[in-house]
């Protein structure tokens with residue numbers, strides 16, 4: 001189950017970012033996970049909580065944005081959702097897909113920090129994200 | 001500064017950067033790396049032993065690194081070929097990552113080695129997500145595993161640059177429906193070459209070695225559809241920006257976007273040209 005390694009990689013990157021920006025806590029993390037990323041979201045959520053323990057991301061909420069896998073045809077202009085198991089041959093003309101339009105994402109989309117960064121915003125430009 | 005950061009950071013960026021670096025390093029050493037993926041018991045070790053032995057007979061310097069959770073049994077079997085062999089123990093981890101492989105390749109294999117076969121941990125799920133800096137990625141399946149293996153493990157078969165059927169001598173005995181298997185491979189990886197081999201019957205022995213040597217010319221290597229994500233590359237930042245009505249800071253995204261390490265390595269290269277380019 002490589003979701004443990006994936007979760008640790010996520011936390012590692014967040015910690016690195018937090019150190020750079022002087023952040024000390026994380027409220028939420030959003031991941032984008034493509035249908036063909038080879039990652040099981042449920043397993044990832046389970047591992048994420050464990051991976052966060054004792055780190056800056058301790059207790060952070062995880063949301064996973066699932067990204068549908070889509071392909072486009074190399075012969076006609078067909079575009080389709082490849083499904084699972086994926087079909088990478090065009091449902092219209094039968095030719096191979098030229099490439100995927102989406103579906104292999106495995107990325108940290110956004111992090112919601114527990115507090116503003118160490119550098120305070122200037123009074124003229126109020127923080128648009130301030131809660 | 002606000003509380004949200006749009007990172008757009010590939011989760012496996014560290015592995016992928018390492019893989020790109022290792023690929024360049026191996027290229028400089030004239031060493032071709034073949035990453036072999038299969039389920040446990042598919043006959044990778046038997047096939048590899050036959051390939052190593054043949055390479056030795058032909059005078060082609062080859063080596064093998066076998067990764068397992070535990071035991072050095074596979075390395076002992078492969079060493080019978082006379083080729084330099086190493087065992088990498090993952091201590092329970094289900095896959096190899098680049099940094100684990102790279103530490104074995106500092107002073108090894110011996111200078112002049114042409115091909116290094118890496119027998120990944122027997123597992124068709126986890127190793128598929130990790131680029132190891134390979135020149136050629138091969139996924140194997142034995143005829144005893146069933147024709148639907150490519151559909152059950154679409155990422156492992158979808159990212160393969162070569163598919164190898166093993167234990168082909170047993171095909172009739174287990175009613176292996178070859179046409180169904182071929183159609184299933186085509187469904188997830190149209191255009192990939194499929195070799196039929198049997199270590200026991202000496203069928204197709206040497207073909208894997210030939211394909212590995214040919215991979216020195218990147219133009220001969222198949223570019224799987226699943227490894228080409230065309231239009232998405234470079235565009236999704238805009239899409240994502242539009243989803244948010246407030247002013248996020250954007251950090252880190254350009255450190256890697258143009259370095260072919262976005263997402264999970266091989267699979268996230270923007271197009272076939274880029275795939276080839278990284279292998280020169």
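Just one of the numbered conditions (1) touching a residue at least 40 places away in the same chain (Cβ under 8 Å); (2) more than 14 Å from the chain's Cα centre (by Cα); (3) over 30 Å from residue B:156 (Cβ atoms) is not true of residue A:28: (2). Within region B:64-89, how many residues turn out to be surrounded by 15 or more Cβ atoms within 10 Å (Cβ to Cβ) and in contact with a helix residue (DSSP H, G or I) (Cβ under 7 Å, 6 or more places away or on another chain)? Count: 12. Pairing each residue of region A:97-112 that is more than 7 Å from chain B (Cβ to nearest Cβ) and at pLDDT 95 or above with any residue that is buried (at least 22 other Cβ atoms within 10 Å of the Cβ) and part of a strand (DSSP E or B), provided the two are 6+ apart or on different chains, yields C-beta distances under 6 Å for A:103/A:34.
Looking at region B:206-224, is at least one residue assigned to a loop (DSSP other than H, G, I, E, B), at pLDDT below 95 and under 25 Å from residue B:155 (Cα atoms)?
no
Residue count for region B:6-56, restricted to those that are within 14 Å of chain A (Cβ to nearest Cβ) and part of a helix (DSSP H, G or I): 7.
Restricting attention to region A:1-16 and to residues that are over 17 Å from residue A:61 (Cα atoms) and in a helix (DSSP H, G or I), the residue that is modelled with the lowest pLDDT turns out to be A:5. The listed residues are B:221, B:192, B:185, and the only one of them that is within 14 Å of another protein chain (Cβ to nearest Cβ), surrounded by 15 or more Cβ atoms within 10 Å (Cβ to Cβ), within 23 Å of residue B:133 (Cα to Cα) and within 17 Å of the chain's Cα centre (by Cα) turns out to be B:192.
Only one entry in B:116, B:101, B:162 is buried (at least 22 other Cβ atoms within 10 Å of the Cβ), in contact with a helix residue (DSSP H, G or I) (Cβ under 6 Å, 6 or more places away or on another chain) and touching a residue at least 60 places away in the same chain (Cβ under 8 Å), namely B:162.
Here residue A:71 meets each of (1) modelled with pLDDT of 95 or more; (2) more than 25 Å from residue B:149 (Cβ to Cβ); (3) surrounded by 15 or more Cβ atoms within 10 Å (Cβ to Cβ) with one exception, condition (2).
Here is a check on your reading of the model: is residue B:106 without any contact (Cβ under 8 Å) to a residue 40 or more places away in the chain, closer than 20 Å to residue B:32 by Cα and away from chain A (no Cβ under 14 Å)? Steps first, please.
Working: without any contact (Cβ under 8 Å) to a residue 40 or more places away in the chain: yes; closer than 20 Å to residue B:32 by Cα: yes; away from chain A (no Cβ under 14 Å): yes.
Yes: the conditions hold for residue B:106.
Here residue B:56 fulfils each of the conditions (1) in contact with a strand residue (DSSP E or B) (Cβ under 8 Å, 6 or more places away or on another chain); (2) closer than 24 Å to residue B:204 by Cα; (3) crowded, with 19+ Cβ neighbours inside 10 Å apart from (3).
Quick one: which helices (runs of 4 or more DSSP H) sit completely within region B:60-157 and have at least 1 residues that are closer than 24 Å to residue A:43 by Cα?
Helices (runs of 4 or more DSSP H) meeting the threshold: B:98-102, B:149-152.
The values are calculated or read from the model by the stated rules, or taken from the named source; none is laboratory data. Computed from a prediction, not measured in an experiment: that's the story for all the values here. Glycine also receives a Cβ, built like all others from the backbone with ideal geometry; neighbour counts cover every protein chain displayed.
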